[in-house]
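First the structure, in the form of structure tokens, and then the observations on it.
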Amino acid sequence: MSKVILTLSQVNKTFDSQDYQVKAIDDMSFAVKTGKVTGLIGPDGAGKTTLMRLACGILTPDSGDFEVMGIDVTKEPLQVQSQIGYMPQRFGLYEDLTVQENLDLYADLQNVAKDKRQARYDELMHMTGMSPFTGRLAGKLSGGMKQKLGLACTLIRSPKLLLLDEPTVGVDPVSRRELWEIVYRQVQEQGMSVLLSTAYLDEAERCDEVVLLHEGKLIMQGDPKEFSQTVNGRVFQVTVENSKHRSLQQKLSQNPAVLDALIEGEGVRLVMTEQSEPKAEVLLPEMVKANRKINITAVAPRFEDAFIARLKNKENSKEHSIAKIQVSGSADDEVIRVEDLTRKFGDFTAVNKINFHVKRGEIFGLLGANGAGKSTAFRMLCGLLPVSSGKVAVAGMDLRVATASARRKIGYMAQKFSLYTDLSVKQNLKFFSSAYGLRKKAQQDRIDWALETFELQEYQDTNAGNLPLGYKQRLSFAAALMHEPEILFLDEPTSGVDPLARREFWQRTNALAEMGVTILVTTHFMDEANYCDRLVIMSKGKILASGTPLDMKNLARTESQPDPSMEDAFIYLIQEKEQPDGRE
Amino acid sequence: MAENKTSARNMRLMGMLRKEMWQIIRDPSSIAIAFVMPVVLLFMFGYGVSLDAKDIPVGIAVEQADIVTQSLSDSFEQSEFFKPSYYHSIQQAQQALEERKIDGIVWLRSNFSQNLQAGKQAPIEIIINGVDSNQANITMGYIQGVWQSWLIQFSSSRGIALNLPVNLEQRVWFNSALNSRLFLVPGVIAVIMTMIGSLLTAMVVAREWERGTMEALMVTPLSMKEMLAGKLIPYFILGMGSMFISVALAVWWFGVPLRGSFWVMVLVSSLFMMVSLLIGLLISIISKNQFVAGQTAIAASFLPAFLLSGFLFDINSMPTIIQGITYLIPARYFVAQLQTLFLAGNVWPVILSNAFALMVMLVVLAYWVSSKSRKTLE
Amino acid sequence: MNNQYFSQIFALALKEFLALFRDKRSRLILVFPPLLQILIFGFAATYDLDNVPIAIYNQDQGLVSREFISQFEGSETFEVIEYIKKDRDIAPLIDNKDVLLVLNIEPQFSDKLQQGKSAKVQVILDGRNSNTAMTAMNYIASMNLDFNQKWSAQHGATGPKVALEVRNWYNENLQSRWFILPGILGSLILVVILLVTALSVAREREAGTFDQLLVTPMNPTQILIGKAIPGIVIGLLESTLILIIIVKLFQIPIQGDIAALYLGLFLFLIAATGIGLVISAISLTQQQAVLGAFLFIVPAVVLSGFTTPIANMPDSVQLLTYINPLRYFLIILRGVFLEGNGFTLLFSQFWPMAIIGVVCLVFAGWLFRHRMY
């Protein structure tokens, strides 16, 4: 067997967008090794998806050679397609077909012999833990189940090369682990080669090799462990007793010697610009003066640290500040109150008697897998969905019947960054600011502010639909902030967005919270829970646990796991509190 | 090896067919389009579109009533086509006409009987609301009929044998009672099949694009031809199902005679159904999103088939350029075939020449569709 | 406060326009098809017969039959394409749709007439389109009437001298185009309005932006008005354009009060917009919205009196037409165009459309907040 399964040499691919040309792949050359798991990483617009599509022959390169398994994809796409498995970002499951029917369809399309099918089905269903659900409609499966079924469908005829495009986006941690187990098993047992792209850097870390792309160019290729070593001696953990980690992070990230500051656990993780032992007096002079107990320890670098260090440099990354928002009322006001909130759809209970409250200036997280009921709860809070029973009060009112002036206090960022795709960035901002009652000078000032703060000037006349995802997120966030709301509802604000953009986003959100803006946020990135003051974890319509991030982790702390991550805590809670079931 | 290839192809095709079948069964909208829509539309068109005037409200303005005017009024009263009302002055009658209460006026002036008896010219003045010119023509025809029979009857009562120089004898073939429903129903079936065919397929490919399933299909060994066949065959069966329902309704409910061969009807319908489905598929492939596909299907199917197929408006009477355009409307050929098959029988020259035209369209469309549907995302 | 109320509506309407017209394909679909269609359909849709192919089977040798035939040869309505000699030539000509009708003149036609007897002409018609057949028969009958009157006058007729003197009001020459063009205008505008409105909410629902709209301080009434404005404005502009085409190109004069016509148009647009928004608010997906629009447009056009009179429909179907705004609008169009009507005669057509419009709009507004998934 050949040592390389996929080779690119000087491949170029350009897309014509309505307003400008995008060089998705810019003179790229590299090879992917046989029998290994190779991770494609890079921020949005790096060219990951385009590369995958080129590899399976559904896009044709403008120039250059692209060989898969020794076959020229451009010339013989069908030959390649009959030997590979490809799982696109939105895998093509037919939601109105059952699990079994989906499997049958893909077995037919992949020409798997009838007599060999049953054994393979059994194996796959067993591996994915879906054996009890074969008769269920795919549309009725939870997000994680869908993804596992998608993977099963691509694996029916063990392909030589498996291409996975962001296979774990929107998948809960438990399913994520299971997905990876399946993939690694295929590699070990069948000698399959895997090329995957991912936004989770912990997943990249587990790959045999990573390929880092940026704006269509190859930045580096190599062993992730070696890659992590590039920031050796630059990563530290800082904790300060009795200090809010949010303000700590803000202070630290303003320090010129600090390249990146990330809230992690009870402290802040630092990546320094240069290899040097940071001194507390330099980093936090005021706190030293105040005689606070400061603890700085060097920690082993992770892949993410190296990734950030590679892509972020102090010169181009400005402080992502945000203009001041005036918020009235004291910090102890209860801004959001939810009592016994229930929502039923027919005989299905999407949200089952949940209770929580949020104080002014808090960041409150609603965590859970897809289909846990967090979006339904969220929609009820925003007044978009009538409640079946229970009470919801936002700023003392039910938003469903609230007056216009009450709703002016609310900012809302919808899932998937819903924007008017046919309108330009500026027109979107103009519309949303008008909808919130801004006019004339005040409106113009706010639009200028948004364009500048969110660095959207360059794209101001581009249609929102043609923006790269990271910019869509910024625009969507900007639109929610046009009227300087006191309360912000953010529904999956970081879904699908790369780590850099996520950092930027949280920096801004933290700043808002510091000003006293109350923020309710849903997310399925467990590490983001660290940014929350308090959170609830939801599953199957119920609250499994609520409290501070530390409370959650304490629940999962055991002797074998002395320092659990938020993800560990989540998995622990799920496994502890419920029996697995595939239904959404 | 060749055999292997064929069986692999068959397996993929069967897989696609099974998938489409499940989707059709689970999504009520295609079933509704195929089986509910033709019934609803056929009833609506069958009853809603009718050119048979009955009980036409006509005003008879009699300025001076006597036996003569009475006999004329009676003639109108006895006609099944008219529902007369009476006025004593022309002003009243005209006002009623303006208010759209009556469609026409038969005006007998005060000196009508007097002049008639004296052997002088005694004209009957007729005023018709000409807004709906077709209806006005029909009304006029009926009035002439009533007038002529009254004239003969009146003359013979006076002992005069009235001789009309030239007598027209009307013989209408295929539809002797001139029942408009008999010709409208076959035409309506053609219009309905145009809409159903293009609606069924217009959304289905666009839907695969929008839901992201197209990308997954493309990376399988499934060829584009197999995919298209997988889409066409199930919807073809559905479309033919709705065709049978329509024909059954036409024959058993609306009483349209089926004089031609049933099997010829099946053949020409299959041909037409393929053409309609391909048009839908083409719209779908080109537009790639349901918004534009839906709009185009509406704009391109209903009104053109309704107005340009010759089902209602005579194509020979259209200006030459427009006649040229009608050659591009597949419903044109199907209307001619259906009207002939239902009412006249297997008239081969009509059936074959139109079938040939549909064949040409089929080939062109098939080529167009397959050249437009390459296995690429671009 | 008030200013803000309207500026929010204005912003929403502006956004709707931008969403419709910034995309090239949707811009094309909204502007070109209606204009193209009014031209094509305007010329195509006519019941008037013109150059209809006929054949003549003259069994008579005399001169009178020649005179009789010459009427047809000189007519613009008919075109004699064949003179046949044998009985059995008739069937294939009609069967194959080569001719619409055959005039069969009996052997002793001239002799009989000259002897003062009645002569017979048989008209054999293709009844596959009975309306065309009947129209043709009417033409022939009136040509025959002329012939008879002339003959009687020349040869000293007996019997009562009762002739029919016919006047056709509003449309003296009975041009069916005058009747049909206003109907095409109404139908096309209905299609355009439904395309604009029926997808407007469904599209935002699928994109997720509708939630954002509902969360803003705008109330449902504002959203409703903002969403209704584009349909009405586009409808007004496109109708005006089509009206100009009808008057200038097709030369159909407007006899009545143009203000009444525009009031009717405005009310019709409100009603159509209301229906479109209801369809849109009910639909969860664009596919449903398209189907919904389709299922409304087809019956609305068929049951409007556009091509065939409402009076010919069964009573139960006639009842249905009362909830069809197109029905009223067509009466107004024809009333103003052809009958020269003004406000008073058309009043009974205005208020039903206003009611349909208001009911639908209120219902749509209610659905915005209550139709959830």
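Quick one: work out the % antiparallel among DSSP beta bridges in the protein assembly as shown, nearest 5.
Rounded to the nearest five, the antiparallel share is 50 percent.
Going highest first, how would you order C:299-308, C:97-106, A:57-66 by mean Cβ packing within 10 Å?
By packing density, highest mean first, the sequence is C:299-308, C:97-106, A:57-66.
Tell me, what is the FRET efficiency for B:LYS5 and C:VAL31 to the nearest 0.05, using R0 = 45 angstrom and their Cβ-Cβ distance as r?
With R0 = 45 Å, the Cβ-Cβ based efficiency is 0.35.
Contact order normalised by length for the stretch A:4-223, with contacts defined as Cα pairs under 8 Å and 6 or more residues apart; what percent is it?
30 percent
In peptide A:382-391, what is the residue-averaged number of other protein chain Cβ atoms found within 10 Å of each Cβ?
Taking the mean over all residues of the peptide, I get 2.
Once you've got the Cα coordinates, tell me which of A:LYS75/B:LYS5; A:LYS48/B:LYS288; A:LYS540/B:LYS288 are over 26 Å apart.
Flagged as over cut-off: A:LYS540/B:LYS288.
Pull out the extension gain between A:ASP223 and A:GLU189, defined as 0.36 nm times the separation in residues minus the alpha carbon to alpha carbon distance; nm, one decimal.
Full-extension gain reported as 10.0 nm.
Let me check against my output: what whole-number percent is the relative contact order of chain B, with C-alpha pairs under 8 Å and at least 6 apart?
19 percent.
Considering the convex hull of the alpha carbon atoms of the stretch B:56-157, report its projected area averaged over all viewing directions, in nm², one decimal.
Taking a quarter of the hull surface, the average projection is 6.0 nm².
Gain in length, A:THR134 to A:LYS289, computed as 0.36 nm per residue apart minus the alpha-carbon separation, to one decimal in nm?
49.3 nm
When only C-alpha pairs under 8 Å and at least 6 residues apart count, what is the relative contact order of chain C, in percent?
Taking the mean separation of contacting Cα pairs over the length of chain C, I get 18 percent.
Please average, across the residues of C:44-56, the number of beta carbons from any other chain that are within 10 Å of each residue's own beta carbon, and give a whole number.
5
Dividing the Cα radius of gyration by the Kirkwood radius, what Rg/Rh value follows for the stretch A:233-300?
On the Cα set of the stretch A:233-300, Rg over Rh gives 0.91.
Which loop GluC sites (Glu not before Pro) in the stretch A:495-577, with loop taken from DSSP, have no more than 11 other Cβ atoms within 10 angstrom of their Cβ?
Taking the stretch A:495-577 and a limit of 11 other Cβ atoms within 10 Å, the loop GluC sites (Glu not before Pro) found are A:GLU559.
Show me B:61-67, A:507-513 ranked by packing, highest mean number of other Cβ atoms within 10 Å first.
A:507-513, B:61-67
Dividing the alpha-carbon Rg of chain A by 2.2 N^0.38 Å yields what?
0.99
Loop-only GluC sites (Glu not before Pro) in the stretch A:445-478, please: DSSP not H, G, I, E or B, and at most 14 other Cβ atoms within 10 Å.
Of the GluC sites (Glu not before Pro), the ones in loops of the stretch A:445-478 whose Cβ has at most 14 other Cβ atoms within 10 Å are A:GLU455.
Provide the FRET efficiency to the nearest 0.05 for the C:VAL80-B:ASN115 pair, computing r from the beta carbons and using R0 = 41 Å.
Plugging the Cβ-Cβ distance into 1/(1 + (r/R0)^6) gives 0.55.
I'd like to compare A:267-280, C:29-42, C:128-141: which one has the highest average count of other Cβ atoms within 10 Å, and what's the full order after that?
Top to bottom by mean Cβ count within 10 Å: C:128-141, C:29-42, A:267-280.
By DSSP, what percent of the beta bridges with both residues in the stretch B:56-157 are antiparallel, rounded to the nearest 5?
Looking only at bridges with both residues in the stretch B:56-157, the antiparallel portion is about 25 percent.
With label points built 7 Å along Cα→Cβ from the Cα atoms of B:LEU258 and A:ASP332, find their separation and express it in nm.
Taking the two extended label points, one gets 8.5 nm.
Per DSSP H run of n ≥ 4, the term is -39500 (n - 2.57); total these for the protein assembly as shown, divide by its residue number, and report the mean residue ellipticity at 222 nm rounded to 500 deg cm²/dmol.
For the protein assembly as shown, the value works out to -16500 deg cm²/dmol.
Normalized C-alpha radius of gyration of chain C, against 2.2 N^0.38 Å?
It is 1.33.
For A:VAL37, what charge total do you get from the other residues with a beta carbon under 13 Å from its beta carbon, if Lys and Arg give +1 and Asp and Glu give -1?
-2
Over 15 Å, how big is the tail of the calculated P(r) for the stretch C:52-154, in percent of all Cα pairs?
Across the stretch C:52-154, Cα pairs with separations above 15 Å total 61 percent.
Would you mind counting up the charge near A:ARG360? Only other residues with Cβ under 10 Å from its Cβ, with Lys and Arg at +1 and Asp and Glu at -1.
-4
Quick one: divide the alpha-carbon radius of gyration of the protein assembly as shown by 2.2 N^0.38 Å and tell me what you get.
Cα-based Rg divided by the globular estimate yields 1.14.
Hey, got the average number of other protein chain Cβ atoms within 10 angstrom for residues in C:181-192?
For this peptide, the per-residue mean of nearby foreign Cβ atoms is 1.
What full-extension length gain, to one decimal in nm, is calculated for B:SER176 and B:VAL40 as 0.36 nm per residue of separation minus the Cα-Cα distance?
Fully extending the segment from B:SER176 to B:VAL40 adds 46.2 nm.
Counting other Cβ atoms within 10 Å, which chymotrypsin sites (Phe, Trp or Tyr not before Pro) in the stretch B:310-370 have at most 15 and lie in a DSSP loop?
Listed in order of number, the matching sites are B:TYR327.
Over all directions, what mean area does the Cα convex hull of the stretch A:24-105 project, stated in square nanometres?
Mean orientational projected area (the stretch A:24-105, Cα hull): 6.9 nm².
For the stretch A:4-223, what proportion of DSSP beta bridges, expressed in % and rounded to the nearest 5, is antiparallel?
55 percent
Using 23 Å as the Cα-Cα cut-off, could you pick out the over-long pairs in A:LYS244/A:LYS553; A:LYS374/A:LYS416; C:LYS227/C:LYS248?
Result: C:LYS227/C:LYS248 exceed 23 Å.
Describe numerically, in nm with one decimal, the distance between label points set 7 Å from Cα along Cα→Cβ at C:PHE17 and at B:GLU99.
That separation, rounded to one decimal, is 4.4 nm.
When chain B is modelled as a GNM with alpha-carbon springs shorter than 10 Å, which of B:VAL268, B:VAL40, B:VAL204 fluctuates the most?
Per the Cα network of chain B with a 10 Å cutoff, B:VAL40 tops the list.
At R0 = 35 Å, how high is the FRET efficiency between C:GLN154 and B:GLU77 if r is their beta carbon distance? Nearest 0.05 is fine.
E(calc), rounded to 0.05, equals 0.50.
Every read-out reported here was derived from the displayed coordinates using simple, explicitly stated rules and does not represent laboratory data. Everything numeric here is computed off the predicted structure, so don't read it as measured data. FYI the Cβ positions are ideal-geometry reconstructions off the backbone, even for glycines, and counts take in every protein chain you see.
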